[in-house]
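One structure is given here, and the rest of the page talks about it.
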Amino acid sequence: MKRFQFMGALAACSLGMTLGACADESNTKDPVGFKITTSALTLPGVGDACYNLTVRHATTDPSGGNDNVFDAAGDVWTQTGICGRQYGSKGAITYIGTCDADNSTEANPGADGSAYNEVQIVLTSLTDDSDQSISESTFRNPCKDGLLDSDLTGATPDPAEPTCKKTLLCTANTDTLAAFNITLMRDANQGFFDVAVNFEDIFCSAKFDTCYNADTQASDTDGPDWIKLLFKGADRGRTAVLAIACTRGQDNSDGTDLFLSDVAVNCGGTLNFDETTDGNGADPTGATGVFGYAVYRGQEASNDIVYYNVAVGFNDGTLPTTCNVSATASAGERDSDHFTSDAGVWNPPAGSYPLITVDADVVDASGNYQCVQWGLNEVAADDSTPVATTYTGDSYVSALKYVYDGVHDVEAAP
């Protein structure tokens, strides 16, 4: 098992600096009103933190540009070894210093009586409760004496420039607050289980319709909104359409296999439905409320969409009150890592795998043929979901007996 070193313990150190400038701008480096504070550390096992502090005054850009430059030539002051135990408690420090409000050397000066200063803070060490040094190899220092490593910042480290710094306006007779939020990450002593979740995109559409417009339902027998596709004698009769289409995506070189259960049509008995049919069903018997069925199947070659569409013709007039169409489908690939056959069914991969389940009533409680349009995962008036996405579980018993790849005939599982 791979052990991943995750930086798990966090401590936030809030640093506030109050910069006080002298009223006499010609002598702004007199020691007045510069206050620095940090919050106490909350990392377990950390007793103290020490910092170096620097304030720099802006100088003229040596390249002649309009940017203020902060370098060692403009240092107002630097103080090293500022630790919580000496200047506060457990990493919480308070320090008083000065800033420089003289803007005469700035390329981009502030208003009269104010100048830009840079405040720098470097975290130099951590110690434990026994005052023993904590190795920097066990934490990422966010305020190093130099930029963060290039793998974290995308920049080339520059040892001359500290990480944590702010440019602030130092104004005569005014205190200015500089707030730093410093977050430390230390190694947590965690072990890890390697958990692999294999996820594969499958795109499917499905629907079940008996009419073209559910909002303007026509009469039971001859309204123009009923879907009428299959021929009953010389005329077309009422037809319910179940349509399923799936793809594993255009970039999948192995194609898409569509897996199907029996298509069960019950309406005054069970229709003798042959899932391998292509076109009109040869023997549409067994259900007194049904006059015929057909299967339309194929593949959209340009984007590897495999479709399997069923049309069922229902007789005119009142029908048995149990008229229903049901089926289950899924998609994937036939191989040892995906769908495998056993005892006449195709078993989906172990774990949670998506299915499309259809359980659609075509009549109401009185046997009247219903005008319905159910898309995938649409909720019916009785709060059921006639065409739904479901998922397998550990106890799932597969009912997927057939596979169709859009090119070859429908095949039964061996």
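Laboratory data are not the source of any read-out in this text; all were calculated from the coordinates shown. The structure displayed is predicted, hence computed values, not measured ones. As a convention, Cβ positions derive from the backbone with ideal geometry for all residues, glycine included, and neighbour counts pool all protein chains shown.
Rg and Dmax of the stretch 245-336, based on Cα coordinates, read 15.7, 50 Å.
So, counting K/R as plus one and D/E as minus one, what does the shell of residues with Cβ under 15 Å around Asn266 add up to?
Charge balance in the 15 Å sphere: -3.
Go through Lys144/Lys166; Lys232/Lys401; Lys207/Lys228 and tell me which ones have a Cα-Cα distance over 22 Å in this structure.
Lys232/Lys401
Each residue in Val312, Val407 was given a count of other beta-carbon atoms within 10 angstrom of its own, and listing them fewest first yields Val407, Val312. The ranking of Ile121, Ile202 by Cβ neighbour count inside 10 Å, starting from the fewest, reads Ile202, Ile121.
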